[in-house]
Every structure is written in C-alpha cells, then in structure tokens.
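The structure appears right after this line, and notes come after that.
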Amino acid sequence: MKRFALRMMYWVIGLLLGGSLAVAFAQDTTINYKGQPPPTAMAPSITAMGNDICAIPISGAVSSTVIGFAGGTAITDANCERIKLARELSNQSLKVAAVALLCQDERVWKAMEMSGSPCPIGGAIGDAARLAWWERNPKPYKELYGETWTPPAVAKPVPARE
C-alpha cells in the first residue's frame with residue numbers, strides 16, 4: 001500500500017510539473033519556417049460516378065520545393081456513347097437505326113457481315129445493303145471472303161408505270 005501511495009504521489013507531481021512547464025515554455029517558443037518545403041500540390045477530385053457516364057476522370061499533381069501544379073480533366077469514351085445511343089434508339093423501337101449506329105465501329109460491321117446480317121445503308125437491309133456496301137467499297141469483302149467473292153444478285157426494283 002505504501003508503494004502504491006508513493007507511485008500515485010510521483011504521478012500527481014509529474015502531472016502538475018509537466019503541465020506547468022508546458023505552459024511556461026509555450027509562450028517563449030518561436031516557430032521558424034525557413035527551410036521548410038511548400039505545401040504539397042493536391043490533385044483535384046473529379047467525380048464520374050454512376051452507370052450512365054461515359055467519361056474517364058484523370059487528375060494529377062506535381063510539386064517541387066518552389067512551386068506546385070495540379071489539374072484534372074475527363075476524357076469522353078466515344079464507344080460508350082455509341083452503345084448508349086444505340087440502346088436508346090432500340091428502346092424507341094428504332095432497331096435499324098440502332099444497328100446502323102453500332103455499325104460505325106468496324107468490328108461490329110465485320111461481325112454483322114460474317115453473321116449474314118449486313119449493316120443497313122441508305123435504307124437498304126439484307127442483300128440489298130450488302131450490294132450497296134460492295135459497290136461503295138469492295139475491299140473489306142475481299143479481305144473477309146477472298147478475291148473471287150461477289151455479292152449475291154439482288155433484283156432491282158421496277159419503276160412504277162405512269
């Protein structure tokens with residue numbers, strides 16, 4: 001018990017002296033900023049959240065001992081926009097327009113051609129569209145099917161008689 005009382009007395013004395021010493025010396029302390037680095041450049045926070053945003057946020061910062069720079073931007077993803085626009089056209093029951101929009105991507109165009117469903121062009125679909133694409137540019141067909149491939153014959157519409 002005597003030991004416990006002695007420890008408590010040392011603890012209380014230390015607390016009282018420590019507190020009074022801190023107060024006494026706090027008024028005499030000077031802060032010298034010479035030689036300290038400048039504040040760090042902070043990269044801005046760019047938010048592109050949600051599932052209906054076709055932007056990729058990019059930000060960064062560089063800081064030296066003298067000066068710092070920070071900046072940010074958002075890059076638009078054109079393919080994401082194309083997919084969302086095509087989805088909306090399809091939701092509006094404009095299926096051919098949605099497919100035509102997706103066909104602006106060469107990979108989609110080739111996939112549609114290889115599947116036997118050529119991309120629409122000028123209002124034409126099916127074999128008429130394939131013939132129109134062939135007449136416009138036969139090179140992709142030669143790459144896909146070989147040099148000897150020719151488009152299927154399509155009956156030309158007969159003009160109405162007057």
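The values are calculated or read from the model by the stated rules, or taken from the named source; none is laboratory data. Just so it is clear, the structure is predicted and the values come from calculations on it, not from any experiment. When we count neighbours, we look across all protein chains shown, and the Cβ atoms used for this are built from the backbone with ideal geometry, even at glycine.
Restricting THR148, THR76 to those that are among the hydroxyl-bearing types (Ser, Thr, Tyr), surrounded by fewer than 16 Cβ atoms within 10 Å (Cβ to Cβ) and over 24 Å from the mean Cα position of the chain (by Cα) reduces the list to THR148.
Residues ALA43, ALA5: which one is in contact with a Gly (Cβ under 6 Å, 6 or more places away or on another chain) and modelled with pLDDT of 65 or more? Reasoning before the result, please.
Values: ALA5 fails: in contact with a Gly (Cβ under 6 Å, 6 or more places away or on another chain).
Sole residue among the options that is in contact with a Gly (Cβ under 6 Å, 6 or more places away or on another chain) and modelled with pLDDT of 65 or more: ALA43.
Applying the condition of being more than 30 Å from ARG87 (Cα to Cα) and of a type in the set (Ser, Thr, Tyr) to region 46-68 and asking which residue is modelled with the highest pLDDT yields SER59. Per the conditions (1) in contact (Cβ under 8 Å) with a residue 24 or more places away in the chain; (2) touching a strand residue (DSSP E or B) at 6+ places or on another chain (Cβ under 7 Å); (3) of a type in the set (Asp, Glu), the sole criterion not satisfied by ASP77 is (1). Looking across region 93-133, the residues that are of a type outside the set (A, V, I, L, M, F, W, C) and part of a loop (DSSP other than H, G, I, E, B) come down to SER93, GLN104, ASP105, SER115, GLY116, SER117, PRO118, PRO120, GLY122, GLY123, GLY126. Only residues that are of a type in the set (A, V, I, L, M, F, W, C), without any contact (Cβ under 8 Å) to a residue 24 or more places away in the chain and not in a helix (DSSP H, G or I) were counted across region 134-154, and they come to 2.
Filter region 58-82 down to the residues that are assigned to a helix (DSSP H, G or I) and either of a type in the set (Gly, Ala, Ser) or touching a helix residue (DSSP H, G or I) at 6+ places or on another chain (Cβ under 8 Å) (or both) and list them by number. If you could, list the steps in order and put the result at the bottom.
Filtering region 58-82 down to residues assigned to a helix (DSSP H, G or I) leaves 78-82.
Of everything in region 58-82, those that are assigned to a helix (DSSP H, G or I) and either of a type in the set (Gly, Ala, Ser) or touching a helix residue (DSSP H, G or I) at 6+ places or on another chain (Cβ under 8 Å) (or both) turn out to be ALA78, ARG82.
For every residue, the table says whether it meets (1) at pLDDT below 90; (2) surrounded by 10 or more Cβ atoms within 10 Å (Cβ to Cβ); (3) in the same structural domain as ARG82 (by TED's automatic domain parsing); (4) on the phi < 0 side of the Ramachandran plot.
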site	(1), (2), (3), (4)
LEU102	no, yes, yes, yes
GLU106	no, no, yes, yes
MET112	no, yes, yes, yes
SER115	no, no, yes, yes
PRO118	no, yes, yes, yes
ILE125	yes, yes, yes, yes
PRO152	yes, yes, no, yes
PRO157	yes, no, no, yes
GLU162	yes, no, no, yes
